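Participant: My structure is below; once you've seen it, I'll send some questions.
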Amino acid sequence: MISINHVTKEFAGKTAVKNLDLVIPDGKIFGFLGPNGAGKSTTIKMITGILPIDNGTITVNGFDITREPMKAKKIFGYVPDSPDVFLRLKGIEYLNFIGDVYDLPRDIREEKIDYLTKSFGIYEALDDYIQTYSHGMRQKTVISGVLLHDPDVWILDEPLSGLDPKSSYTLKEMMREHAAKGNTVFFSTHVLEVVEQLCDEVAIINSGQLQFRGNMKEMKEQFEADENLERVFLELTNNE
Amino acid sequence: MNKTLRLIHTMLKMQYSMAGKSTGEKLGYLFLLLFLVPFAFIFISLMNSIVATLYQQLAPTGNENALLGLLFVGITFILFFVSLSSILSSFYFAEDIEGFIPYPFHPYQLLAGKAAAPFISLYLTSGVLMVPILTLFGIHSGASFIYYLYAFILFIIFPVVPFTVVAIILMFFMRYANIAKNKDRTKVFAGLLSFVFIIGFNIIIRLNQDPGQTAEGAAALIQEQNGLLDLITGMVPTAYFSTMALNYARELSGLLFLLLMLAISTGAVLLFLLAGQKLYFKGILGLTAGSRKTFDPHKVTRKIKHQPVVAAMIKKELRIIFRTPTFFMQCVVQSLFAPVFLIVILLFESSSSSFSMLGTMLGQFQGKTSLLLLFVFSLFILGVNPASYSSISRDGRNWPANLYLPVHPEAVIFSKAATAWLINLLSILLLAIIGIAVLNMPPGLFALWVGLTLLASWFTSLVGTALDLNQPKLHWTDEQEVFKSRLISLFALLIEMGAFGFIVIIIWNIDAVEGLWMTALLLALLLAGAIAISHVVLKRLIRTHYHNTI
Ligand SMILES: Nc1ncnc2c1ncn2[C@@H]1O[C@H](COP(=O)(O)OP(=O)(O)OP(=O)(O)O)[C@@H](O)[C@H]1O
Ligand SMILES: [Mg+2]
């Protein structure tokens, strides 16, 4: 469970996230929506400890990210919005590095790397430099790294962008399974079809402020005339 | 034309912009500039005395124009060298060209944009020598206004030909040579080449040092008018034409020579643009990074192994340094430069037996003196460790990974400092080889010296890392930015020189400290103190800065 309590973040006088209050429960796939520049990535970066929080607190399974960062960080896995990390390493070196960071035993590591990279179709590329990977391959490498240590809480910033249909399907299945086991899956996206298929609950943010939080049914009910999610989204994020 | 200028402006702005620099850093540049003013005076008066002496010696035989010839030939060679590195970095190593290609620019416009940065380096270089020497020559020879006008025009057009020659050779080479297929390898190759070039240049100069012969040859040549000039400028026609233009500035032939220079330079520009369109784009777009080989599952499983986090972090740092050409050149090759240079000099001088005696001489010195001398010497050779003051900045956009992965901040930072220390180990190893093999140092002295140097190297690694953590440069697009146009190496130098100078001066002046072992003990204690302080400072910086770097 992730709980965001009255969190505010400012960049050089501009408020990117304003008094955000949000609880992401266990056992559900939680979608985080909003137009470009709404503050999604900023929020996620505060949850993961990349950006310091100006005001408010964030806890992951009860551990405060600012006060007990090590304990909190061991619980979640994070896929950043840009998968261009450690380009000078080979895929396998990156995954082994992640394994060392999370102190995974060797046999588990080997088995999981084998399973994950084969299901994403990047196994054969493992001995190449990440620099030579395509965008989607990099994305899948990072995702494999996150799933390697089997974290309870998944935090994914636009995880499906750039994935081909098969990999996208694989990841969505994995997200469903993980949530079904009672864990937390929190991801941001722009793709409304994905939201419709996948999410149990959604939060919509615009200009750093929460516009809506609830399940899909509630979202549609609130705008009774619309059966089209796109229209609902546009209405919710309309500034005027 | 307007569009070309706009493009040049944009390309230059991306390279030299002061945006994103803190006011502290800007102030630092200002101080550096002020600091240079007295040096400029010393430089100009030095130039003045050289020009005056040579002019007085050459004028009686009518050979004073040889001075100009010498200047133009010398400048040509310097410009060749500057062109080589600046064209490589602007044309081939900067990544920005791919960003511009999709836009509707003519190829010649892109080439002009790319040439702008090298030309700035060329004018800065030639300006330092040409402007004062040509002015001083004019004063000494009582030249007319036309001379100064011609000199100015020549200053503007003179770099064109060396630039074009180097650019065309490079573009041709990069287009057809095999190394160009791999960008990373080319970078390392070019870096090593200039390294070898400088050392080879030094060796040639050393081999040719036979002063008697040179003087005789010069004396014979001065017999005939213009003989010296012909000799000097024989290989460089543009230097000859430029000299003649200035020499006969008052006459029509001077004007003709100037027009000839203008024509040659215009031709060179056209040739550059023409050849560039044929060679450059094909060469650059063929560059790829990395190579593909067949896949072997066993190789993959062999790479999976369990190790402590700190070991994994250090390994990762070392891999990135050795695999990124810029980091490899800056952190590894450049810091090996001084020790390798030293070895070359020692090998060439060893015949004169003065150096092989040095070891025995050191043994005869008082233990204290020889240890302190050696210690200062090795610090001087090691210099500031670039791997240390780039610790954080090297991560660039990967830095956030340190923040979201569950690794303790101190583990991250100290493994970076340890990496810098490990890289310095290479230079220390070379120094140690010199000490044992060339200088025949006594074993006790040798062991103490190496031990103390290792301690000192830990101190410099910590200082560099702390400075970088204090103000890292994470938002770079090209790795060069981590090292270029930052004052951090200067700060590192000041702090390290201050600390070591303080320690050495204290020990030197305490008369009660005598003998090798006592000196070593005190030195070790003071170094340990300095290390302890830098540990405390670094830990404090981790607390205040680690999470606030973005
Ligand atoms: N490092 C930064 N410095 C200054 N402003 C920033 C920084 N990072 C983000 N911002 C600003 O914060 C706001 C929120 O950005 P954020 O990246 O969170 O948007 P987002 O919802 O993830 O958008 P997208 O859908 O495009 O990914 C934007 O207005 C952005 O300009
Ligand atoms: Mg985003």
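The values are calculated or read from the model by the stated rules, or taken from the named source; none is laboratory data. Values in this document were obtained by computation on a predicted structure and should not be read as measured data. Glycine gets a Cβ as well: all are built from the backbone with ideal geometry, and neighbour counts include every protein chain shown. Note: areas computed on protein heavy atoms with side chains; ligands, DNA, RNA excluded. Shrake-Rupley method; radii C 1.70, N 1.55, O 1.52, S 1.80 Å.
Participant: Express in % the proportion of alpha carbon pairs of the range A:16-91 at distances exceeding 20 Å.
Facilitator: More than 20 Å apart: 38 percent of the Cα pairs in the range A:16-91.
Participant: Now for a separate question. For the range A:83-151, calculate the relative contact order in percent as a whole number, restricting contacts to Cα pairs under 8 Å that are 6 or more residues apart.
Facilitator: 53
Participant: Right, another one. How are the Cα pair distances of the protein assembly as shown distributed, in percent, across 20 Å bins from 0?
Facilitator: 13, 37, 34, 14, 3, 0
Participant: Rounding to the nearest 20 debye, state how big the charge dipole of the range A:83-151 is about its Cα centre with +1 on each Lys and Arg Cβ and -1 on each Asp and Glu Cβ.
Facilitator: Roughly 220 debye for the range A:83-151.
Participant: Follow-up. Ratio to report: Rg/Rh of the range B:309-548, with Cα atoms as the point set and Rh obtained by the Kirkwood method; give two decimals. All intermediate terms of the calculation are to be shown ahead of the outcome.
Facilitator: On the way: Rg = 19.0 Å, Rh = 18.9 Å.
The Rg/Rh ratio comes out at 1.00.
Participant: Here's something else I'd like to know. With only alpha-carbon atoms in the gyration tensor, what are the semi-axes of the equivalent ellipsoid for the range B:397-483, in Å, largest first?
Facilitator: In descending order, the three semi-axes are 34, 15, 10 Å.
Participant: Right, something else. Going from the alpha-carbon gyration tensor of the range A:83-151, what semi-axes, largest first and in whole Å, does one get by taking the root of 5 times each eigenvalue?
Facilitator: 18, 12, 10
Participant: Ok, one more. Using alpha carbon centroids, what distance separates the range A:1-77 and the range B:494-541, in Å?
Facilitator: 46
Participant: Given the whole protein assembly as supplied and a 1.4 Å probe, what does the accessible area of B:L516 come to in Å², nearest 10?
Facilitator: Accessible area, nearest 10 Å²: 40 Å².
Participant: If you wrap the range A:34-74's Cα atoms in a convex hull and average its projection over all directions, what's the area in nm²?
Facilitator: 3.2
Participant: So what J values fall out for the range B:402-414 if you push phi through Karplus, 6.51 cos²θ - 1.76 cosθ + 1.60 with θ = phi - 60°, rounded to Hz, Gly and Pro as x?
Facilitator: Ordered by residue, 3J(HN,Hα) equals 5, 8, 9, 7, x, 10, 5, x, 5, 5, 4, 5, 6 Hz.
Participant: Enumerate the amide H contacts of A:N55 below 5 Å, restricted to partners 5 or more residues apart or on another chain; note that Pro and chain-start residues carry no placed amide H.
Facilitator: Sorted by chain and number, the residues that satisfy this are A:T8.
Participant: May I have the extent of the alpha carbons of chain A along their three principal axes, as whole Å values ordered from largest to smallest?
Facilitator: Projected onto the principal axes, the Cα atoms of chain A cover 52, 40, 34 Å.
Participant: Suppose the chain between A:D26 and A:N238 were pulled fully straight at 0.36 nm per residue; how much longer would it get relative to their current alpha carbon spacing?
Facilitator: So the extension gain works out to 73.3 nm.
Participant: Also, I was wondering about something else. If you average the alpha carbon positions of the range B:106-161 and of the range B:459-489, how far apart do those two centres end up, in angstrom?
Facilitator: Value for the Cα centre distance between the two parts: 34 Å.
Participant: Keeping every protein chain present and rolling a 1.4 Å probe, give me the accessible area per residue for the range A:12-131 in Å².
Facilitator: 37
Participant: Take the range B:73-175, drop everything but the C-alpha atoms, weight them equally and run the Debye formula without solvent; then report log10 I(q)/I(0) at 0.10, 0.22 Å⁻¹ to two decimals.
Facilitator: -0.36, -1.12
Participant: With +1 on the Cβ of every Lys and Arg and -1 on the Cβ of every Asp and Glu, and nothing else charged, how large is the dipole of the protein assembly as shown about its Cα centre, in debye rounded to the nearest 20?
Facilitator: Approximately 640 debye in magnitude.
Participant: Across the range A:205-216, in residue order, what do the Karplus-derived ³J(HN,Hα) couplings come to in whole Hz, using 6.51 cos²θ - 1.76 cosθ + 1.60 with θ = phi - 60° and x for Gly and Pro?
Facilitator: For the range A:205-216, the Karplus curve yields 10, 9, 6, x, 10, 6, 9, 7, 8, x, 8, 4 Hz.
Participant: Using only protein heavy atoms and a 1.4 angstrom probe, determine the accessible area buried between B and A, summed over both sides, in Å² to the nearest 100.
Facilitator: 3800
Participant: Once phi is turned into θ = phi - 60°, what whole-Hz ³J(HN,Hα) does the Karplus curve with 6.51, -1.76 and 1.60 give for every residue of the range B:498-513, x standing for Gly and Pro?
Facilitator: x, 5, 5, x, 4, 4, 5, 5, 4, 5, 4, 8, 8, 5, 5, 7
Participant: Using a Förster radius of 25 Å, what is the FRET efficiency between B:T477 and A:T15 based on their Cβ-Cβ separation? Nearest 0.05, please.
Facilitator: Efficiency computed from Cβ-Cβ geometry: 0.35.
Participant: Now a separate question. Quick one: which residues, 5 or more positions from B:K473 or on another chain, have an amide H under 5 Å from its amide H? H modelled 1.01 Å from N in the peptide plane, none for Pro or chain starts.
Facilitator: Answer set, sorted by chain and number: B:S393.
Participant: Gain in length, B:T10 to B:F145, computed as 0.36 nm per residue apart minus the alpha-carbon separation, to one decimal in nm? Don't jump to the answer; show the numbers that get you there.
Facilitator: On the way: separation 135, 0.36 × 135 = 48.60 nm, distance 3.72 nm.
Between B:T10 and B:F145, full extension yields an extra 44.9 nm.
Participant: What is the set of long-range amide H partners of A:L156 at a cut-off below 5 Å, with H atoms built 1.01 Å from backbone N?
Facilitator: A:V79, A:F186, A:F187, A:S188
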